[in-house]
Amino acid sequence: MMPTQLAATPRTAEPRLRALRGLTHVVKNYFQHREFSFTLKDDIYIRYQSFNNQSDLEKEMQKMNPYKIDIGAVYSHRPNQHNTVKLGAFQAQEKELVFDIDMTDYDDVRRCCSSADICSKCWTLMTMAIRIIDRALKEDFGFKHRLWVYSGRRGVHCWVCDESVRKLSSAVRSGIVEYLSLVKGGQDVKKKVHLSENVHPFVRKSISIIKKYFEGYALVGQDILENKESWDKILALVPETMHNDLQQNFQKHHSSLQRWEYLKKAASQCPSNIKNEKCGPWLEWEIMLQYCFPRLDINVSKGINHLLKSPFSVHPKTGRISVPIDLQKVDQFDPFAVPTISSICHELDAIFTSEVEKEENQAESDIKHRTRDYKKTSLAPYVKVFEQFLENLDKSRKGELLKKSDLQKDF
């Protein structure tokens, strides 16, 4: 049996159901109008599914045994009836603002891995991305309810669930993700970051975050100036008038740390009248940003009808569970320590065996086992993070209802 084929069994489905329920918070017809999609064996993709309640969703999960579950928008009509609605009337009305950051988008600047592979060295890119984007969402935009989730393989997702945010238009979402984007250009573009002379406060604050990680990540871990092949990529980002000096002096130094210090010294001394080129700290910052700044998939964020994998799904390739990330412990998050569906099943078997030995009433034990024993497994701390997120979201919703009630004098 494949790992993901175990994902929808009764005893392992509960956390994922809680995730689905939590991200589809309660107003009339809200859940019924929410789109879900299932990816089945052999990449069979079923869109526009919707359900009357949690029980119906649970039954369908157990029946279809999906490899992956995606959550979509809340529509004007029930998604499973979209073919019966008049053309043009079926519209996506709201959805959480979501962000998708994938390690493969950094392949031009990471040296340890490529494609779908990750390691502890390059995972620091995700740590920096979470810190930079989350700070901006919280402080620059004032968004309160932000859930960060490990994708299960090589990236992270963010769900911004504030009520006002869920109603944003595609144009506004595009504006937000544009604000959060600095690295621009395809594979053929060598220099992807261009700063203006007056650096925006968002960029300055992002540089401050990167500086905390840059030496350990880029100069030691990635060793970005280790040899001529690697430092030639850096030289492509600096004015040509500096190339000869840097090439000669890089050969005199013996580590990326020493070469980086020389580059900063050279940048501070280069002529300031070079047309269309910046020296001094701007040059240093542009290199740091190109190597470390978050790379967002703009299409995922701007489309209201775009789907994103549900939290607590099981990644079909790794078997790892897409767990929420505790923002208080971002630096300690280890993608390789995340529970897998197999490990959770083994833990549940051990718990069940232990409880059967203790309980005289096996039927009662079985019920408890199915519904809540996942809290006794290694999944527990991640469920706690999610429950705290939902609790804060619920408090906020109730607070808004009280405000509306007071304004209407409806005591």
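Using a/c under 1.5 as the rounded threshold, could you call the range 199-247 rounded, prolate or oblate? The axes a ≥ b ≥ c are square roots of the C-alpha gyration tensor eigenvalues, and prolate needs a/b larger than b/c, oblate otherwise. Because a/c hits 1.5 or more and a/b fails to exceed b/c, the range 199-247 counts as oblate. With the simple model of a label 7 Å out from the Cα in the direction of the Cβ, residue 63 to residue 400 spans 3.3 nm.
The stretch between residue 241 and residue 80, if pulled fully straight at 0.36 nm per residue, gains 51.7 nm over its current Cα-Cα span. Among 212, 309, 191, the residue with the largest mean-square fluctuation in a Gaussian network model of the chain, with springs joining Cα atoms closer than 10 Å, is 212.
What shape does the range 143-290 take by its C-alpha gyration tensor, where a ≥ b ≥ c are the square roots of the eigenvalues and a/c under 1.5 counts as rounded, a/b above b/c as prolate, and the rest as oblate? Because a/c hits 1.5 or more and a/b exceeds b/c, the range 143-290 counts as prolate. GNM remark for the chain: springs join alpha carbons under 10 Å apart, and the peak mean-square fluctuation among 291, 262, 48 falls on 262. So which of 121/191; 95/395; 138/192 end up more than 29 Å apart by C-alpha? Table pairs above 29 Å Cα-Cα: there are none. For the range 107-207, the extents of the C-alpha atoms along the principal axes are 40, 39, 24 Å, listed from largest to smallest. Taking every DSSP helix (H) stretch of at least 4 residues in the chain, weighting each as -39,500 (n - 2.57) and dividing the sum by the residue count yields a mean residue ellipticity at 222 nm of -13000 deg cm²/dmol.
Our summary gives the range 242-318 a relative contact order of 17 percent, counting only alpha carbon pairs under 8 angstrom and 6 or more residues apart.
Apolar share of the accessible surface for the chain: 49 percent from carbon plus sulfur atoms, 1.4 Å probe. A crude spin-label estimate for the pair residue 354 and residue 266, with each label 7 Å from Cα along the Cβ direction, gives 6.0 nm. Straight-distance candidates among the aspartates and glutamates for linking to residue 278, with alpha-carbon spacing under 14 Å and chain neighbours fewer than 8 residues away dropped: 197, 240, 286. Go ahead and set up a Gaussian network model of the chain, Cα springs under 10 Å, then flag whichever of 136, 380, 218 fluctuates most. Among 136, 380, 218, the largest GNM mean-square fluctuation belongs to 380. Largest accessible area first, the listed residues 95, 28, 404, 358 line up as 28, 358, 404, 95 when surface is computed with a 1.4 Å probe on the assembled protein chains. When the C-alpha to C-alpha distance is required to be over 31 Å, the pairs from 205/265; 63/358; 205/264; 63/404; 211/317 that qualify are 63/358; 63/404; 211/317.
The slack between residue 228 and residue 334, meaning 0.36 nm per residue of separation minus the straight C-alpha distance, is 34.9 nm.
Note on the chain: with charges restricted to the Cβ of Lys and Arg (+1) and Asp and Glu (-1), its dipole about the Cα centre is near 860 debye. Taking every protein chain into account, the 1.4 Å probe leaves residue 374 with about 0 Å² of accessible area, to the nearest ten. What the Cα atoms of the chain give is an Rg and a Dmax of 24.6, 85 Å.
Computed extension gain for residue 87 through residue 28, at 0.36 nm per residue and net of the alpha carbon distance, reaches 18.8 nm.
The values are calculated or read from the model by the stated rules, or taken from the named source; none is laboratory data. Remember, predicted model here, so these are calculated numbers, not experimental data. Methodologically, a virtual Cβ is constructed for each residue, glycine included, from the backbone with ideal geometry; neighbour enumeration extends over all protein chains shown. Note: areas computed on protein heavy atoms with side chains; ligands, DNA, RNA excluded. Shrake-Rupley method; radii C 1.70, N 1.55, O 1.52, S 1.80 Å.
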